[in-house]
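Participant: Structure incoming, see below.
The values are calculated or read from the model by the stated rules, or taken from the named source; none is laboratory data. Since we're looking at a predicted model, the values are computed, not measured. Here the Cβ positions follow ideal geometry from the backbone for every residue, glycine too, while neighbour counts run over all protein chains shown.
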Amino acid sequence: MKDKVLYVCIENACRSQIAQALTDMSFRTQLQAFSAGSHPADKVNSKAIASLKRYGIEVSNLKPKSVSDFIGEDFDFVITMGCGDDCPYFPGAINIDWNIPDPKNMNEKEFDEVRDMILRNILNQFSKDD
């Protein structure tokens, strides 16, 4: 059975969407990834879509979701990206805050650096030494 991880940021338009997509790319067989926002935007940020596309990941069909959509679900991990006072609590989950800077107003190079920071965190968190 796969561990379930929920990534949370404010708008579910950049950081948490990126984390979900990169987790699916890197750990599809070990983890079931979801993402949500404490105050979801209307759409996924076009810079996030473009940044993931540079990794060969297509996410243009995704829509932001609310944390409230997941209330009552069980997660093994809830990883927040720096959502401040609105960070959710899911009983039984390991709660971790990565405090990732919000890249929405960054240029392409800086945005990709945040994307790569998220990937490093995912690999450090979930890679198992066998």
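Participant: Could you check segment 37-54 and list, in sequence order, the residues that are modelled with pLDDT under 95 and closer than 22 Å to residue 125 by Cα?
Facilitator: 37
Participant: Here is a further query. Among the residues of segment 46-56, write down those that are surrounded by fewer than 20 Cβ atoms within 10 Å (Cβ to Cβ) and either under 14 Å from the mean Cα position of the chain (by Cα) or among the polar types (S, T, N, Q) (or both).
Facilitator: 46
Participant: Among the residues of segment 113-128, are any closer than 13 Å to residue 9 by Cα, hydrophobic (A, V, I, L, M, F, W, C) and modelled with pLDDT under 95?
Facilitator: no
Participant: Looking at residue 43, is it surrounded by 16 or more Cβ atoms within 10 Å (Cβ to Cβ), out of contact with any strand residue (DSSP E or B) (no Cβ under 7 Å at 6 or more places or on another chain) and touching a residue at least 24 places away in the same chain (Cβ under 8 Å)?
Facilitator: Judged against the criteria, residue 43 is not a match.
Participant: So which residues in segment 88-105 are within 13 Å of residue 6 (Cβ to Cβ) and in contact (Cβ under 8 Å) with a residue 60 or more places away in the chain?
Facilitator: Scanning segment 88-105 gives 88, 90, 93.
Participant: Given the conditions (1) surrounded by fewer than 16 Cβ atoms within 10 Å (Cβ to Cβ); (2) charged (D, E, K, R); (3) modelled with pLDDT under 95; (4) closer than 17 Å to residue 12 by Cα, and given that residue 28 satisfies all but one, which numbered condition is not satisfied?
Facilitator: (4)
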